[in-house]
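Take a look at the structure below.
The values are calculated or read from the model by the stated rules, or taken from the named source; none is laboratory data. Quick caveat, the model's predicted, so the values are computed rather than measured. Methodologically, a virtual Cβ is constructed for each residue, glycine included, from the backbone with ideal geometry; neighbour enumeration extends over all protein chains shown.
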Amino acid sequence: MTIYLPIAEMSVDVFLILLMGGGVGFLSGLFGVGGGFLMTPLLIFIGISPAVAVATEANQIVAASVSGVLAHMRRRNVDFKMGTVLTAGGFAGSGLGVLIFTFLREIGQVDLVVQLSYVVFLGIVGFLMLFESARAIFKNRAGTATRGKLHQHTWLHGLPFKMRFRRSRLYISALLPLGIGFFVGILAAIMGVGGGFLMVPAMIYLLGMPTAVVVGTSLFQIIFVTANVTFLQAINNQTVDVVLALLLLTGAVVGAQIGTKASGRLRGEELRGLLALMVLGVSAKIGVELVSTPEDVYSINETPGFGL
């Protein structure tokens, strides 16, 4: 069963889109990420233009995140104060990101920048997370694991404007989560992601938040930042495909609930390791697509009468 997407200007299989939405929604609930780092490339792989994929994917991220947050709220695994500060930075960053996206689209470089961003950021974050989680797993199996915090105190923790985040058991400068939210907001607008693949590691390693609280808090922040991205993209670029968004939303809501239940059965380092493998896999796939020869190779031939 196929359906026509008016903005993407192509027909797609309805069940394929529903399955994609459900699968990414499952990952959203499992890892505390919006799932855009996976869904946006998948949409591009099936033929949807990067501009439409980036703008439309934000809708699916919102739905999956709302569903996931509701489940985590029942477990009291959401730090609303931390999430609010992250959201404030994310709003500013996403506004700037949409302006950058619009500029790149006008000069015809948005496709290249989006794909390169995925390769670079996903590759770096995935490698670092995989290294850390593998080390933690080996230490646990060897019986040498310690209960120390994952983050190290640096000059960043000496910044002013300190706030107490009781749910996360932290007393740190508000500038840290504001800065993280701002940077992730920019990427959310340019790459069509919720930013969880960067937000989750930053919350664990830079802020020092407990893994159990990180997942729900990350999803809480993602809701508002990606909703803002959707609104701004629709106004500035008119690239949000409502039909595609509704199909993705339907699958995402169901998948997120299932993923949230599954997350409680895995240890923190195991969750980080699985997320790292997913991130590296997507990065590798996009990298191969960038350097491989396309199936349809176009060439410019001299037209008689116009050559030298």
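Tabulated values for the structure
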{"quantity": "Among the residues listed as Phe165, Phe224, Phe183, the single one being of a type outside the set (S, T, N, Q), out of contact with any Ser or Thr (no Cβ under 6 Å at 6 or more places or on another chain), modelled with pLDDT of 80 or more and under 21 Å from Leu38 (Cα atoms)", "calculated": "Phe183"}
{"quantity": "Scan of the range 203-243 for residues that are under 16 Å from Gly95 (Cα atoms), over 19 Å from the mean Cα position of the chain (by Cα) and free of Cβ contacts under 8 Å to residues at least 60 places away in the same chain, ordered by number", "calculated": "Ile235"}
{"quantity": "Some residue of the range 108-122 being at pLDDT 80 or above and loosely packed, with under 12 Cβ neighbours inside 10 Å", "calculated": "yes"}
{"quantity": "Residue identified as outside any loop (DSSP other than H, G, I, E, B), closer than 19 Å to Gly259 by Cβ, in contact (Cβ under 8 Å) with a residue 60 or more places away in the chain and touching a helix residue (DSSP H, G or I) at 6+ places or on another chain (Cβ under 9 Å) among Ser94, Ser65", "calculated": "Ser65"}
{"quantity": "Where a residue in the range 159-171 is on the phi > 0 side of the Ramachandran plot and its partner, wherever it lies, is modelled with pLDDT of 80 or more, with Cβ under 7 Å and at least six apart", "calculated": "Phe161/Ser173; Phe161/Ala174; Phe161/Leu175"}
{"quantity": "Matching residues, the range 3-29, being small (Gly, Ala, Ser), surrounded by 13 or more Cβ atoms within 10 Å (Cβ to Cβ) and farther than 21 Å from Ser218 by Cβ", "calculated": "Ala8"}
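The rows are residues; the columns are (1) farther than 18 Å from Val119 by Cβ; (2) of a type in the set (Val, Ile, Thr); (3) modelled with pLDDT under 80.
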residue: Tyr4; (1), (2), (3): yes, no, no
residue: Met10; (1), (2), (3): yes, no, no
residue: Val14; (1), (2), (3): yes, yes, no
residue: Gly21; (1), (2), (3): yes, no, no
residue: Val24; (1), (2), (3): yes, yes, yes
residue: Gly34; (1), (2), (3): yes, no, yes
residue: Leu38; (1), (2), (3): no, no, yes
